[in-house]
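Report on one structure; see the data block that follows.
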Amino acid sequence: MKILVIDDDPAMTELLSTLLRTIPAHVIAVNSGQEGVDQTASEKPDIVILDLMMPEMDGWQVCKHIREFSNVPILILSALDHPGMVATALDAGADDYLIKPVSSSMLIARIHTLLRRTKPIPSNIPAASTP
């Protein structure tokens, strides 16, 4: 599994990288919105974990740019705890929203949930028959 973490705080990307490697996952961490968009295009991660409050290109802009070329699951991880902010992030193309601080077990559970939703259904499963 390949996870891209986009957060302008190097301490946060380092913490998340350390935590997510226990899943185990290959973690790519970047500290700017533009780097995040570029890495999404080149690395094709399985999931993106994105902070909202970043200088130059904020998380809402990053989300919109990524949605122009990818359907990768985007999990917002932000300190912003306001229903309007959550709604705006989801409208921008995010798939889920967690508020910092979040427990590691909750973060990992949400990652697994998003990945399960995007995993292709095996073609060898027979179609349901109609009565």
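Checking each residue in the range 24-62 for being closer than 19 Å to residue 105 by Cβ and either crowded, with 16+ Cβ neighbours inside 10 Å or basic (Lys, Arg) (or both) picks out 25, 27, 47, 49.
For the range 81-128, which positions are surrounded by 10 or more Cβ atoms within 10 Å (Cβ to Cβ), of a type in the set (A, V, I, L, M) and either more than 18 Å from residue 12 (Cβ to Cβ) or at pLDDT below 90 (or both)? Across the range 81-128, the qualifying residues are 85, 86, 87, 90, 92, 109, 114, 115.
Within the range 42-70, residues that are of a type in the set (S, T, N, Q) have Cβ atoms under 8 Å from residues that are not in a helix (DSSP H, G or I) in these pairs: 70/44, counting only partners at least 6 apart in sequence or on another chain. Of all the listed residues (67, 21), the sole one being of a type in the set (Lys, Arg) and exposed (fewer than 14 other Cβ atoms within 10 Å of the Cβ) is 21.
The values are calculated or read from the model by the stated rules, or taken from the named source; none is laboratory data. All values derive from a computational prediction rather than experimental measurement. Quick reminder, even Gly has a Cβ in these numbers, built from the backbone with ideal geometry, and neighbours come from all protein chains shown.
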